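Worksheet: the structure to be examined is printed underneath.
The values are calculated or read from the model by the stated rules, or taken from the named source; none is laboratory data. All values derive from a computational prediction rather than experimental measurement. So basically every Cβ, Gly included, is an ideal-geometry build from the backbone, and we count neighbours across all protein chains shown. Remember, those area values only see protein heavy atoms, side chains included, never the ligands or the DNA or RNA. Shrake-Rupley method; radii C 1.70, N 1.55, O 1.52, S 1.80 Å.
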Amino acid sequence: MLLACLSIHIAAQAQSQTAKANNTWPKQTIRIVVTFTPGGAPDILARVLAESWQQSLGVPILVENRPGYGGNIGADLVAKSDPDGYTLLIGTVGIHAINGALYDKMPFHPINDFTPISFLASTPNVLVVNKMLGATNLSELTDLAKAKPHELTFGSSGVGTSLHMSGELFKDMTGVQIRHIPYKGRAQSLPDLISGRISMLFDNLSSSLPLIKAGEVQALAVTTLKRSPVAPEIPTMAEQGLPGFEATSWFSLMAPANLPPALQQRFNTLTRQTLNQADVRNKLLASGLDPAPGSPQELSKLIQVETNKWGRVIYKSGAKLEQ
C-alpha cells in the first residue's frame, strides 16, 4: 500500500513539474546555434524551424551562426549552456560521430554533453569540380589525380565534417594523393571552386544544387548508394567503380545535457509538426534535403552506429587533429 501511494505521489509530482514547465516556458528568445556559415543545409533547417516556432510559441527564435573547427566552436557553446530550453543546436554527423575520434582533445563530449531531441534531415554529399579541370567523370578525375600527386586539392566546409570524411574515404579507396583545404563554410569554398583556387569540393547536394543546375560547377558523383531523386542525372560513387562508398550528411536537433524531459518532448513534438507539414517537406525535398523527424531514442541509436563507422575510417586513415 505504501509503495502504491509513493508511486502515485511521484507520478503526480512529475505531472505537476511538466505542467509547470509548459505554463512558464517560453518567456524569452530561443536561439538555435548553427555551426556553419549561412546558406548551407544546417542553416536552412534552422531557419525553417525558427519561422514555424516563432508563430506557434510567440517568442523570437534567433538563428546564430558559430562556424569553426568542424562545428566544435558552436557545439561547445551549446554544451556549456544552461539546459533551460533557450539554447539549441543543429547537430551534425561531424560533431556527434566524427570529431570525437578525429581530435586529440575535445572541449565537450559529443554524446554525453547533449540531450537528443530529433533527427531532422539528411542529404547526399556531392563531388563537384572546377569546370576547367578537364574531368567529366570519376574515372577521369582519378587518373588526373594519380598523374599529379599532391597537386590537386579538395575543399570541404570544415575539418571533421562528413564532407571532409568523404574526401578521406575517396583517397583511401582510390589511392590518390590530394590535399585537403578546409573552410568555415560554403560561402568561402564555392567561390574558390568556381575560380579554380581549389580543384574539387565535397559539398551537401542541397547547397551545390543551384550552381550545378546553373552550369557553374561540374558534378561528378553523389556519395549515397542510390542516386538522388532531386538530381537523378548525377551518378553515385559506387556505380563509378567504388562499390560500398557511402557518406551521408545528416542533421539533428540537440540541447544541452539534462534538458527536462517535458521540454525534450515539447521540442520533439514541435519538430515533427513543422517537418511533417506538406509545404515544408516539399520545400526541403526540392533543395535536396530529406526530412525524417523521429524519436530521441532513434537519434541516439543512429549516433552510436555512425560513431563506430567513422571511427574505423579515421583510425584506418591515421588522421588526427589538435584543437
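Quick notes on this one:
- Of residues in segment 163-181 being in contact (Cβ under 8 Å) with a residue 60 or more places away in the chain and over 17 Å from Pro243 (Cβ atoms), the one surrounded by the most Cβ atoms within 10 Å (Cβ to Cβ): Leu163
- Filtering segment 116-133 to residues that are outside any helix (DSSP H, G or I) and open to solvent by 10 Å² or more (accessible area, probe 1.4 Å) leaves Pro116, Phe119, Ser122, Pro124, Asn130.
- For segment 30-69, a residue qualifies if it is farther than 13 Å from Leu89 by Cβ and basic (Lys, Arg), and exactly one does: Arg47.
- Residues of segment 306-323 classified as without any contact (Cβ under 8 Å) to a residue 12 or more places away in the chain and either open to solvent by 90 Å² or more (accessible area, probe 1.4 Å) or of a type in the set (S, T, N, Q) (or both), total: 2
- The C-beta contact set for segment 69-94 (first residue more than 17 Å from Gly160 (Cα to Cα) and open to solvent by 10 Å² or more (accessible area, probe 1.4 Å), second residue outside any loop (DSSP other than H, G, I, E, B) and hydroxyl-bearing (Ser, Thr, Tyr), distance under 9 angstrom, 6+ apart or interchain) comprises Leu77/Thr87; Ser81/Thr87; Pro83/Thr115.
- Within segment 182-235, the set of residues being in contact with a Phe, Trp or Tyr (Cβ under 9 Å, 6 or more places away or on another chain) and among the acidic types (Asp, Glu) comprises Asp192 only.
- From Ser52, Ser56, residue being of a type in the set (Ser, Thr, Tyr) and either surrounded by 19 or more Cβ atoms within 10 Å (Cβ to Cβ) or at pLDDT below 95 (or both): Ser56
- Residue check, Arg272 over 26 Å from Gly100 (Cβ atoms) and open to solvent by 80 Å² or more (accessible area, probe 1.4 Å): yes
- Some residue of segment 186-197 being under 20 Å from Phe36 (Cα atoms), more than 18 Å from the chain's Cα centre (by Cα) and of a type in the set (Asp, Glu): yes
- The residue list Lys105, Lys80 contains one member that is modelled with pLDDT of 95 or more, more than 22 Å from Lys283 (Cα to Cα) and not hydrophobic (A, V, I, L, M, F, W, C), which is Lys80.
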